[in-house]
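Each remark here refers to the structure printed beneath this line.
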Amino acid sequence: MSTTDAVFNKGVSVMTRIATASKALGINPQKSAERYLCEEISRGMSAVMKVRHIIKGGCIYLQPTRETRDLDITFARKIADVEFYRAIRDMASMLAEKGIVITQVSKPAPLWINGDDGMRFEIEAKIGTAKIKTHVDVTGGSRQLPLNTPSRSVGSTFFAGQVPLHGFFQSFESQVADKLASVALRPDTIRWKDFTDLSMLSKMDLDKTIIAAELAYKLSFQFSTEEDVLAALPEIPATMSFEYVEEKGRVWKAWNERNGRKVSADFTDVACDCRNFYHDIRQILVAKARVDRKPRLRSRPAQQSYALQQIRQEVRENKGNVIQMGDYRDPQTLAFKPKW
């Protein structure tokens, strides 16, 4: 059997297992295959690149809990597009062992994420007889890294024989900060999935203090002071107002249906979850700002009186109450120079 035949047969076997598992779990088999491709690309990046990356976005969830079809990764530093292409080339043999053959990688499309730029690469691959399409969003540098360094974790599995993905995964708290910044600061947002995700995350009993710290850290790259950060976080963001919800409800519902996202809740309920969640996080930042603000120091009347008595005593001991105007003249030129 040739190498090409072996890769093809492996791909057919993998797709069969993915389809069987997806049917049993009630999830979309195409998205499951795309998730599989994304995880193997991330695994390959860890193997062939010296620069470490963390996994963000939908891949931090279990596929049956929150289906995803793309990969969102952040490197410890910004990388160039040629480094990405080189990594895809170098991991080809690793992907082949999993039945994957990359057939096309697009030119990078520019991204703008939380005040910083990134790149999106559209990727096509063959797994057995199936053509799989996905995209990889790439960012890098301190602006995109979380405040708390993520720990090395083990990813989920959703079909028999799947090898768990070992890597650095973004915490849910850090993801909440990402999504709150996106929703609150961009009234023109079209990231409709952020609303549903925030609604779900608000019910996960996450540490709101950590979320507030992550949000403040993230915004510190865009705003110079804590006061500016708070000023950028209005009490009620435009995207959480009742007028906005009423206007965008149909758009949000249509987007979810078009992308196969199973959402039974109304946009009003989802937006209320987001608004309450945002309010709690913002209140933590407001309370911290009040504690950190230095109080104005004012001396007590008794202290003021004591200080005045001390000055008067020094005057009496030195010269009495008589002011000598000669003390205010230059000894050489006798020019009048007041001593301020």
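In the assembled protein chains, T20 presents an accessible area of approximately 90 Å² (probe radius 1.4 Å).
How would the stretch 209-260 be classified by its alpha-carbon gyration tensor: rounded, prolate or oblate, with rounded meaning a/c under 1.5 and the a/b versus b/c comparison settling the rest? It is prolate, given that a/c is not under 1.5 and a/b is the larger ratio. With contacts taken as Cα pairs under 8 Å and at least 6 residues apart, the chain reaches a relative contact order of 14 percent.
Taking a ≥ b ≥ c as the square roots of the eigenvalues of the Cα gyration tensor, the stretch 33-106 is oblate, since a/c reaches 1.5 or more and a/b is not larger than b/c. Ranking A125, A6, T189 by Cα position along the charge dipole of the chain, where only Lys, Arg, Asp and Glu carry charges on their C-beta atoms, puts T189 farthest toward the positive end. Among V138, V51, the sequence by solvent-accessible area, most first, with a 1.4 Å probe is V51, V138.
Within the chain, the whole DSSP H helices whose Cα atoms reach 18 Å or more along their own axis and whose mean Kyte-Doolittle score is at least -1.0 are 3-25, 29-48, 172-185, 267-292. Under the convention that each Lys and Arg Cβ holds +1 and each Asp and Glu Cβ holds -1, the size of the dipole of the stretch 1-155 around its Cα centre is about 220 debye.
For the stretch 170-286, with only Lys/Arg (+1) and Asp/Glu (-1) charged at the beta-carbon, what is the dipole magnitude about the Cα centre, in debye rounded to 20? Show your work: numbers first, answer last.
Details: 15 positive and 20 negative charges, 113 e Å.
For the stretch 170-286, the charge dipole is close to 540 debye.
These residues, W255, W112, W192, go from largest to smallest accessible area, 1.4 Å probe, as W112, W255, W192. Positive end of the dipole of the chain (Cβ unit charges, origin at the Cα centre): among Q283, F267, Q162, the Cα lying farthest that way belongs to Q283. Working note: Karplus 6.51/-1.76/1.60 with θ = phi - 60° gives the stretch 53-65 the couplings 9, 10, 9, 10, x, x, 6, 7, 9, 5, 4, x, 7 Hz, where Gly and Pro are set to x.
With a simple spin-label model that places each label point 7 Å from the Cα along the Cα-to-Cβ direction, the separation between K288 and D5 comes to 6.2 nm. Computed over Cα pairs, the Kirkwood radius of the chain leads via Stokes-Einstein (0.692 mPa s, 37 °C) to a diffusion coefficient of 137 µm² per second.
Each Lys and Arg contributes +1 and each Asp and Glu -1, all at the Cβ; summed about the Cα centre of the chain, the dipole is approximately 560 debye. Do the alpha carbons of any pairs in K218/K262; K179/K253; K50/K218; K98/K253 sit beyond 28 Å of each other, and which pairs? Violating the 28 Å Cα-Cα cut-off are K218/K262; K98/K253.
What does the accessible area per residue of the chain come to in Å², with a 1.4 Å probe and no ligands, DNA or RNA counted? The partial results should precede the final answer.
Numbers: 19400 Å² over 340 residues.
With all protein chains present, the chain gives 57 Å² per residue.
The distance from the alpha carbon centre of the stretch 228-250 to that of the stretch 66-124 is 33 Å, rounded to a whole number.
If you plug the beta carbon distance of K131 and D280 into 1/(1 + (r/R0)^6) with R0 = 56 Å, you get a FRET efficiency near 0.80.
Just need log10 I(q)/I(0) for the stretch 135-196 at q = 0.11 Å⁻¹, Debye formula, equal scatterers on the alpha-carbon atoms, no solvent, rounded to two decimals. For the stretch 135-196 at q = 0.11 Å⁻¹, log10 I(q)/I(0) is -0.37. The calculated pair-distance distribution of the stretch 76-166 uses every alpha carbon pair, bins of 10 angstrom beginning at 0, and gives 13, 36, 38, 12, 0 percent.
The values are calculated or read from the model by the stated rules, or taken from the named source; none is laboratory data. Nothing here was measured: the structure is a model prediction, and the numbers come from that model. When we count neighbours, we look across all protein chains shown, and the Cβ atoms used for this are built from the backbone with ideal geometry, even at glycine. The accessibility values were calculated without ligands, DNA or RNA, using every heavy atom of the protein model including side chains. Shrake-Rupley method; radii C 1.70, N 1.55, O 1.52, S 1.80 Å.
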